[in-house]
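The values are calculated or read from the model by the stated rules, or taken from the named source; none is laboratory data. Just so it is clear, the model here is predicted, and its values are computed rather than measured. Cβ coordinates were reconstructed from backbone atoms using ideal geometry, including for glycine residues, and neighbour counts include every protein chain displayed. Ligands, DNA and RNA are stripped out before the accessible areas are found, and what is left, the full protein with its side chains, is counted by its heavy atoms. Shrake-Rupley method; radii C 1.70, N 1.55, O 1.52, S 1.80 Å.
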Amino acid sequence: MIHRIEVGFREGIRDALGEKTKRKIVEHLGIEVADVRTVEVYTIEGDLSPEELAAIAGGPFSDPVIQYFTIDKPAARSFNWLIEVGFRPGVTDNVGKTAAEAVRLLLGRGREAGVFTSRQYCLTGRLDGAHVERIASGLLANGLIQHYEIIPARDWDPKRGSGPYVPRVVIEDDPATEVIDLNVDDRVLQEISAGRVLALTVEEMKVIRDYFLRESVIRERGNVGLTSKITDVELESLAQTWSEHCKHKIFNALITCEDEKGGVTVIDSLFKTFIRGSTEKIRKSLVPYDWCLSVFVDNAGVIAFNNRYSLVFKVETHNTPSALDPYGGALTGIVGVNRDPFGTGKGSKLIFNTDVFCFASPFYDKPLPKRILHPRRIYEGVREGVEHGGNKSGIPTVNGCIVFDERYLGKPLVYCGTGGIMPATVRGEPSHTKEIKPGDFIVMTGGRIGKDGIHGATFSSEELHEGSPVTAVQIGDPITQNKMTDFLLQARDRGLYRAITDNGAGGLSSSVGEMARLSGGCEIDLKKAPLKYAGLKPWEILISEAQERMSLAVPPESIDGFLSLAAEMDVEATVLGTFTGSGKFHVRYGDATVALLDMAFLHDGLPQMRLAAKWVPPRYPEPDFPEPGDMGAALKAMLSRLNICSKESVVRQYDHEVQGGSVVKPLVGAVNDGPGDAAVIRPVLDSFEGVVVANGICPRYGDIDTYHMAACAIDEAVRNAVAVGASPARLAGIDNFCWCDPVESEKTRDGKYKLAQLVRANQALYDYTVAYGVPCISGKDSMKNDYIIGEVKISIPPTLLFSVMGKMDDVRKAVTMDAKREGDLVYVLGETQNELGGSEWFAHHGFVGNSVPVVNAARAKALYDALSRAIEHGLVASCHDCSDGGLGVALAETAFAGGLGMTIDLRAVPARDVARNDHLLFSESQSRFVVTVHPELRERFETCMEGHVWAGIGTVTAAGAFRVTGLGGNVIISEDIHELKNSWQRPLRF
Amino acid sequence: MARHVRSIVLTGNGTNCEMEMAHACRLAGSDVVDIVYVSELLAGRKRLDDYDFLNLPGGFLDGDDLGSAKAGAHRIMNASIRGTDEKVSDQLARFIRDGKLILGVCNGFQLMVKLGLLPAFDGDYATQRVTLTFNDSGRFEDRWVYLGVNPRSRCIFTKGIEGLYFPVRHGEGKFIARDGEVLKRLHAQQQVVVQYSSGVSGEPVMEYPANPNGSVDAIAGICDESGRLFGLMPHPEAYLHYTNHPRWTRETLPEEGMGLLIFRRAIDFIRNNL
C-alpha cells in the first residue's frame, strides 16, 4: 500500500521557507507572487494500519506546536497553483532515509517501509501557466534530479490531492558481464570509448588491446575462466584508473615547449619537475627539522604540528557536477574532500573547511547557452550545498573567497579544502603512514552503492557537452558520513584497522586498486557489496562513486571487533574480499571472475602523453581613460565591484566557530563585519598553538601572463597568512590548477598556447615556492573546464588556487585587519608600482592592460620575516593585505572595519613610476600591507622595518571621515566611512 | 568533603559540539568528563545513572531532517537499550527525578524541547509545549548576540549573571509557545532565563539581527520549574577563552570567556548540593 502523510504549518505560524521561496521568485525571476506556503509530503510504501500511520504522522513527522498533518488526503489549502517537487528514482533522499529509520524505530524490528519525500509549494497570486512553469523549472526543481508536477486550483481535487508519485528504482536484476572486442579499427575503438564515456584516446585503447593479446595474459585469464576479450568490468576499471582525473596525464606528459624567442625546452612531467621538484628542494633546506611528513603519496599532505600532533590538508574541486546540479555538486564536493584528510595515513579528525568559488556575475542578464543554469542559481545552490555539507558535518568553514568572471558561466569552479589533525602516533606507529599485509580483509564502510556517480572520474575528464551523463550527479549525505567518521575514529584509536582510504572518483575500483599496491594485489567479490537497490551490473558496482564510503584494510585478528563496533554505532561495514600478494587485481561476482588485470599494467601501463606548447605573449591595448575627477566616487565604485565587495551574506551562513577553537574569524572588526585576511584556529583546546589558513587566487593576471598569475597567487596566500601572524617559516602549500583543455585538437585550436600558460604557471610555482620556502604538500588539477554545445564554446580563464596552512606558536599574538584606535599611525609596507595590468581598476574601465604585477620574491620574503617579527613582538595593531583594488581599497577597509576614520597623504607612499592618483590608489603591486601601529610603539616598529620599503602615510582618526590628500597636495577623497562601507556591503547583500 | 562531579557529554548521530562542551566541563572543574555516544547508551555499556551533569551539545541530530532534533528525540523515546525494555528516556526520567542537572545547547535545546523536558510544567517532562522552528530569515546564521538574564529566574546556571554574549549558529532557533497560556505561565514562573537584547540595556529586542531568529518575546533560553534543566540556542561553550571573542584583538577582556560561568555554576551546584 502507498500512503501519503502531508504536513503543513498551522494558521498564523510563519512559513519561513515559503517566504524565502517567495522572495526568490520575485528577486531571481522577476515574477510577482502574493504568497507561498509549503507542505512537506511523505510518501510511504508499506503495510501500515491507520493507528500506525497516525502515530508516525503525529510523532516523528510533525511538530504539534506549529504544524498539522493529514493522512491520505491533502494538507494544502487555498492556492491558485500548486507545484509538487520530488526526487527522481535513485537520487539520494536524505530526509526520506531519516524518515524511514524513524518509522522502523516506531514499528519495531522487521517492519520495513520505504519513505520518499517531496514538497508542495502553494502559490497565491495572479500567475499564468507559463509563470508557474518558469518557477518550477527555473527555481524550485532541477530536472536532472527532480520531478515536478504543476496543478492549477481548478484541477485540484480536495479529497484526493495530487496523486502519489513513488520514485522507486525498478531495474531488472541482471548482473551480466559483457565482453568487448577490441580487435577493431580505430574508428570503432573511438566509438567504444565515446559511447561508454570512457574518455580514453585511441592510442590508449590500443595499448589496452595489445595487453590482452599477450600470451601470458591469455593463459592466466583462461585459468580463471575468462576469454581473451576484455570484460566491461576490466575496460571500465582501466578507463577510470587511467582517467585524466585520476592519472593526471597532462601534468605527467612529456611536453615540448617553445618560448617567444623560439627556444625549445623539453619537460618530462610538469608535476615531477616543478611541483614535486620544488618540494624536494625545499625539504633539503629544512634539514635537520623537516616538518613535511607525507607529501604527494596519500589522499592529502601531512606536516608536523608539534611533537604530539600532525596536520593534514587537501583541496579538491567539484566543478562539472556543480554546473549541472549546484546544490548536490557542491555538497558532494565538500563531503568528498572531507574524506581525503580523513582517509590519509591512519585517518585524521577534520578541523576546518575552506572554500573558494568562481562564478559568473549573479546579475548576468544575457541569454543563457543551452544546459547552463543562471549564475545566480549556481551561486545560491553552491552556497547552500557547502552550507549543508560543512555545517552538518560539524567542521568550521574558516576562510574562503568568491571570484567573479564572465567566463565561469560555462563552468563554475567549486574549490573545497579540508584540514585534519591526528595524533603523531597511533598505538606506537606513525599515524601518517599506511601498511597493508596480504591476508588483510578489504572492508567497505558507510553508505551503499547505487547508480549515482557513475563515470564521475571519466566525465570530469571531458568538457561539459550535450550528452554529459546525469548519473554523474549525486547528492551527499553528511550525517551518514558523520556517523561513519565517528565510528572510524573510535576504530582507529582501538587499532582495529591497518589502513584507510576514501571511495571518491572511481569508487571501489580506485580505492581498492590503489590500496592493493601496498600489499601487491587483491581479490574482491562485488556480489557482497551492499546496494541501494537491485539491478546494478558488476562494472557499475565497481566504479560507482556513491558517496559516504571508506575502504579499509582490516587484519583478520581485528575483524570481529571492527564489525561489532560498526554494528553498535549503526554503520554498515561489509567484507568484500582480501588483499593479496598475487600481483593481480582480481574481481569476482560470486564465483565467476569478471576481471583479472596485472596490477603493474593497471597502474603503470598508461603510456606517457606527448604534448606541444608554444608561448606567445599576448598584447592588449593600453588603457587611455583619464584620471577621474571624483576620486571618492571612484573608490566607492571599486568597493562595489563583485571581486572586492563584502561576501558577508555567504560567510554568515557557514558555521565558522564549531569545535570551539576559533581565534581569527572570517568577519572581524568593531561590529564583526570586516574582511579577515586569514583564519586562525586552535585545534587543541588546551594549547595556544594555532593553525593559520589562507588562500591566493588571481585569474585576471593570467590573461597577460600565467607566470605572474601564479606568482601573485602564491604571494597572496603567503601574504594573507603572514598578515594575521603566521610564521613564514612554517607554511605548507596546496596547488590546485583549474584549466581549460590545453591539448591542441579540432575542438581546441589554441591548445599550444593554453599548454604554454600551464607550463609558465608551473615554472612560477617552482620559482616562488622555493624562494619563499613554502613546500607544496599535495595538490590537484582539473583540466577540462570547457563548455562546448553546438557552436558555443566557453573556456574558463586558467585559474590557480594556492592555499596555505601554517602554524602559529601562540595565537594570542594574532592580528586582525581592522583599525584599532584613534591616533594610531598608518603605514604602508612594500612598494607601489605602475602595475595595473589585469587589475580591478582597469577591468572597471573595460581594459586588461599589460603591466601585470611582478613579485620580487627576495624582497617580499625579507619583508614578511620582518613583519612577522613585529607581530610576534606585539608591535602591530592591525595588518591588512593589499590585493584586489590595491591600497585604496585596503585603507578604506581597514578604516571602516574599525569603525574609525583615517587621514592619508598619498605623497608619502613609496612608489616607483606612478604619476596618477588613481594608479597609486588602485595599482595591484604585490607584497604590500596596510598596517596601523600605536604611537608609543612607533620607534620599535620602525626599527623592525629598517632596510625594507615602508612609510608612515597617515593616522587613524575618531570621526568617521576618510580623507586622502593626493599627489598634487589637495584633498582628493573625503568620504564618510559608513558610506564607503555601504558601497562595499550593498552588492551581494542577498 | 567536596563531592566528586561526573559529567557526561552525549554525542553521535550528527552532534558536533561535544569536544568544546567537554572542555568546558573540565575547565569548570568537573572531576569526570566522558564523551559518550548515544549508541553506547543503547548498547547498555554506559548509563546516565552514573553521572550528575548531562550535557546535550549542538549539532544536527539525524541531519535535522524531520525538523530540528525530531528524529533524535524520537530515538531517545523509542529505541530500547540492548537486551532490556528500558529506553534512554527512562534513564532520563530517573536522572531528573534525582535532581541532577541537564544543559542543552542549540540542537541540545531543540532536543529537550521536543522531548518535553522543557518547560515541563507541573513536573510533566514528556509533553511538548513549545518549539524551536525556522528563523524568520529562512536561513542558518552564525552571529554573536547579547543576552539579558532574568534575575528572578530559578535557573541554577545563570545565578548572579547579568548579561551574556555568545554566538548563535542555527537555522531553527525561533522560539514559539503552543499558545498564550503557555507563554504567560513561562513568564509568570520565571522560566524564561535568557532573552536576546541589544547589548546596551538588558531589555529584550525583537529587531533582527539583535534578535537573530524572530523568537517570541526574544526568548533565547528557558529552564524547568526547578531551575536544574536549562536549554538555550546561543553557544556558551563557544566562548571559553578571550580569543574566542570576535573582537578580542580590539577590546580588553578577562582571560576566561563568559561561557565558562554557566558551566561553573552547574559544577559548583552539584558539588555543594547533590
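Structural remarks
- Two-site FRET efficiency, A:S687 against B:S198, from Cβ-Cβ distance with R₀ of 25 Å, rounded to 0.05: 0.10
- Averaging 1/r across all pairs of distinct Cα atoms in segment A:689-767 and inverting the result yields a Kirkwood radius of 13.8 Å.
- For segment A:168-229 versus segment A:555-603, the inter-centroid distance based on Cα atoms is 24 Å.
- Alpha-carbon spread of segment A:368-416, three principal axes, descending order, Å: 38, 18, 13
- In degrees, nearest ten, helix A:706-724 long axis to first principal axis of chain A (Cα): 80
- Remark: chain A projects, on average over all directions, an area of 41.3 nm² (convex hull of Cα atoms).
- Helical mean residue ellipticity (222 nm; -39500 (n - 2.57) per DSSP H run of 4+; nearest 500) of chain A: -9000 deg cm²/dmol
- Axis angle, to the nearest 10 degrees, between helix A:886-897 and the longest C-alpha principal axis of chain A: 80 degrees.
- Model label points for A:E112 and A:V166, set 7 angstrom from Cα along the Cα-to-Cβ axis, are 1.4 nm apart.
- Normalised by residue number, the volume inside the convex hull of the Cα atoms of segment A:925-990 is 167 Å³ per residue.
- Simple spin-label estimate for B:N273 and A:E746 gives 8.2 nm between the two label positions (7 Å along the Cα-to-Cβ direction from each Cα).
- Summary value for chain A: 11 percent relative contact order, contacts being C-alpha pairs under 8 angstrom separated by 6+ residues.
- Shown are A:F69, A:F737, A:F274, A:F847, whose ranking by accessible area with a 1.4 Å probe and every protein chain present, most to least, is A:F69, A:F847, A:F274, A:F737.
- Residue-level accessible surface for B:D31, protein heavy atoms, 1.4 Å, Å²: 80
- Accessible area, probe 1.4 Å, largest first, for residues B:H170, A:H708: A:H708, B:H170
- Length released on extending from A:V971 to A:R494, taking residue separation times 0.36 nm less the Cα-Cα span: 164.9 nm
- One decimal place: the segment A:A600-A:K527 gains 23.7 nm when fully extended, by the rule 0.36 nm per residue minus the C-alpha distance.
- Additional length obtainable on full extension of the chain from A:A130 to A:A958, 0.36 nm per residue less Cα span: 292.5 nm
- Rounded FRET efficiency, nearest 0.05, which uses the C-beta distance separating A:S49 from B:A79 and R0 of 30 Å: 0.90
- Rounded to the nearest 10 degrees, the angle from helix A:232-241 to the longest Cα principal axis of chain A is 10 degrees.
- Test item: B:65-78 mean partner chain Cβ contacts at 10 Å: 6
- Other protein chain Cβ atoms within 10 Å, averaged over every residue that makes up B:166-178: 3
- Membrane-span-like helices in chain B, defined here as complete DSSP H runs extending at least 18 Å along the helix axis by their C-alpha atoms with mean Kyte-Doolittle hydropathy no lower than -1.0, are B:259-273; this is a sequence and geometry rule, not a statement about a membrane.
- For peptide B:246-259, the mean count of partner chain Cβ atoms within 10 Å of a residue's Cβ comes to 4.
- Mean separation of Cα contacts under 8 Å, 6 or more apart, over the residue count of chain B: relative contact order %: 19
- Volume in Å³ per residue [convex hull over Cα atoms, computed for segment A:2-155]: 115
- When each of the peptides A:45-57, A:361-373, B:18-30 is scored by the mean number of other C-beta atoms lying within 10 Å of its residues, the order from highest to lowest reads B:18-30, A:45-57, A:361-373.
- For A:Y165, the accessible area of its heavy atoms, probed at 1.4 Å with every protein chain present, is near 60 square angstrom.
- Calculated FRET efficiency for the pair B:T127/A:D809, C-beta based, R₀ 60 Å, to 0.05: 0.65
- What the Cα atoms of chain B give is an Rg and a Dmax of 17.3, 57 Å.
- Dipole magnitude of segment A:2-155, debye to nearest 20 (Cβ charges: Lys/Arg +1, Asp/Glu -1, about Cα centre): 300
- A:K159, A:K780, reordered so the largest accessible area comes first (probe 1.4 Å): A:K159, A:K780
- Under the simplified labelling scheme, the A:I2-A:S649 pair shows an inter-label distance of 3.9 nm, with each label point 7 Å from Cα along Cα→Cβ.
- Relative contact order of segment A:288-442, taken over Cα pairs closer than 8 Å and 6 or more residues apart, is 35 percent.
- Cα centroids of segment A:233-301 and segment B:164-222: 56 Å apart.
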